[in-house]
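The values are calculated or read from the model by the stated rules, or taken from the named source; none is laboratory data. As the structure is a prediction and not an experimental result, all values here were calculated from the model. Glycine gets a Cβ as well: all are built from the backbone with ideal geometry, and neighbour counts include every protein chain shown.
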Amino acid sequence: MNLTRVFTEHPASLGETYPEHMRVSLSYAVPLARAALAAYVYAFLPFFFTTTASGIVKRLYDRMTRRCATCALGPEHRPDLFVRPVRPAPREVMLSWDPVI
């Protein structure tokens, strides 16, 4: 196994170089560390950081989803973002005959 390939295969599958992929990964790691710290403090002092960790996670999820949606290989690694909604079948109109009328 080629050592260079180990470091470049996954980033290349996303259209990034190793340094670009490292920068993006760290841009997720730092906010996640902040969220973890806020959640840790919140566990002991529930009146502090009541929405900090969840807010960070929601923003990161939104950012990651948008990133996958614009990625060239997005349909491969996030097919759930590219599924077309299925239209429901048209409803059949039931005509009933009422002999009393």
Starting from the range 40-63, take each residue that is free of Cβ contacts under 8 Å to residues at least 40 places away in the same chain and list its partners that are outside any helix (DSSP H, G or I) and not hydroxyl-bearing (Ser, Thr, Tyr), counting only C-beta distances under 8 angstrom and pairs at least six apart or across chains.
-> VAL41/PHE48; VAL41/PHE49; TYR42/PHE48; TYR42/PHE49
Do we find that GLU76 is modelled with pLDDT under 90, farther than 26 Å from GLY15 by Cβ and among the acidic types (Asp, Glu) in this structure?
-> no
